[in-house]
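Structure first, then comments.
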Amino acid sequence: MFCRRGFREGSMKKGEFKVGQDVFYPTAGVGIIEGMEEVVFGVEHELCYVIRIPENRVTIKVPKTRAVSNGLRPLLHGKGVKELLMVLADKSSARPAGPWAEHYKDLERRIQSGGVLQVGSAVRDLLRLKAEAGLSFEEARLLELADGYLARELAVAQGVSLEAAREVIRVSVGLGT
């Protein structure tokens, strides 16, 4: 499995994270908080979360005071998984409305938001567009990034393999077996 569990979201205040907690960071994906470290920025000392991203073997440091505003959040659980599956199953059209550049920017914005439902809606739209008409190189790159984020988070949340999580996504979108 990618990360460990070991926290109860309800037992913490919003924006507080604990060592050992699985988290999602928008520009990096699913990770685990391995510790806290004081980092010097110029003349300022700031306490940072040290987050290991197992997928790409990267460690990032996120200032505690800006963690939530930078998009750090706990992983999906319970009701959140059900909401995600509902977003994936939504039958709204995958056909982009308006110019391609606006469609692309909208997809990119949803993915970069880090919100699991936003990422899920982008994956849904891209998977359906791929099945209907194919994707441009840029759209295919976005799909690879967003699908990776979503599948890893779902795998950890449901305690399944990455492949099983990808299959859940595709079945929910209406493209799987």
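Which residue out of R109, R141 is within 14 Å of the chain's Cα centre (by Cα) and part of a helix (DSSP H, G or I)?
On inspection, the qualifying residue turns out to be R109.
Is it the case that segment 120-129 has a residue that's surrounded by fewer than 18 Cβ atoms within 10 Å (Cβ to Cβ) and within 21 Å of the chain's Cα centre (by Cα)?
No - not one qualifying residue is present in segment 120-129.
Tell me which of these F24 doesn't satisfy, since it passes every other one: (1) in contact with a Cys (Cβ under 9 Å, 6 or more places away or on another chain); (2) surrounded by 14 or more Cβ atoms within 10 Å (Cβ to Cβ).
(1)
Could you go through segment 30-48 and let me know if any residue there is within 26 Å of V160 (Cα to Cα), crowded, with 17+ Cβ neighbours inside 10 Å and touching a helix residue (DSSP H, G or I) at 6+ places or on another chain (Cβ under 8 Å).
yes
Every residue in segment 148-169 that is touching a helix residue (DSSP H, G or I) at 6+ places or on another chain (Cβ under 7 Å) and either among the hydroxyl-bearing types (S, T, Y) or over 18 Å from H77 (Cα atoms) (or both), please.
Selection gives Y149, S161.
What single numbered condition from (1) part of a loop (DSSP other than H, G, I, E, B); (2) among the aliphatic types (A, V, I, L, M); (3) in contact with a Ser or Thr (Cβ under 7 Å, 6 or more places away or on another chain) fails to hold for V87?
Every condition holds for V87 apart from (1).
Regarding G148, is this residue part of a loop (DSSP other than H, G, I, E, B) and of a type outside the set (K, R)?
It is false that G148 is part of a loop (DSSP other than H, G, I, E, B) and of a type outside the set (K, R).
Would you call G114 closer than 25 Å to C48 by Cα and not assigned by TED's automatic domain parsing to the domain that holds P26? Full working, then the answer.
Working: closer than 25 Å to C48 by Cα: yes; not assigned by TED's automatic domain parsing to the domain that holds P26: yes.
It is true that G114 is closer than 25 Å to C48 by Cα and not assigned by TED's automatic domain parsing to the domain that holds P26.
Restricting to segment 40-64, and then to whatever is of a type in the set (V, I, T) and part of a strand (DSSP E or B), can you tell me which residue is farthest from D22 (Cα to Cα)?
V40
Residues checked against (1) polar (S, T, N, Q); (2) modelled with pLDDT of 90 or more:
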{"site": "M12", "(1), (2)": "no, no"}
{"site": "F17", "(1), (2)": "no, yes"}
{"site": "Q21", "(1), (2)": "yes, yes"}
{"site": "A28", "(1), (2)": "no, no"}
{"site": "M36", "(1), (2)": "no, yes"}
{"site": "G42", "(1), (2)": "no, no"}
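Condition first: under 15 Å from the mean Cα position of the chain (by Cα) and of a type outside the set (V, I, T). Now tell me which residues in segment 68-84 satisfy that.
Once the filter is applied, which keeps residues that are under 15 Å from the mean Cα position of the chain (by Cα) and of a type outside the set (V, I, T), segment 68-84 yields N70, G71, L72, R73, P74, L75, L76, H77, G80, E83, L84.
Name the residue that is surrounded by the fewest Cβ atoms within 10 Å (Cβ to Cβ), counting only residues in segment 65-84 that are part of a helix (DSSP H, G or I) and either of a type in the set (A, V, I, L, M, F, W, C) or touching a residue at least 24 places away in the same chain (Cβ under 8 Å) (or both).
Going through segment 65-84, the residues part of a helix (DSSP H, G or I) turn out to be 65-66, 79-84.
Now restrict to residues that are either of a type in the set (A, V, I, L, M, F, W, C) or touching a residue at least 24 places away in the same chain (Cβ under 8 Å) (or both): 80-81, 83-84.
Numbers: G80: 16, V81: 17, E83: 14, L84: 25.
Only one residue fits best here, namely E83.
The values are calculated or read from the model by the stated rules, or taken from the named source; none is laboratory data. Please read these numbers as outputs of a predicted model, since none were measured by experiment. Cβ coordinates were reconstructed from backbone atoms using ideal geometry, including for glycine residues, and neighbour counts include every protein chain displayed.
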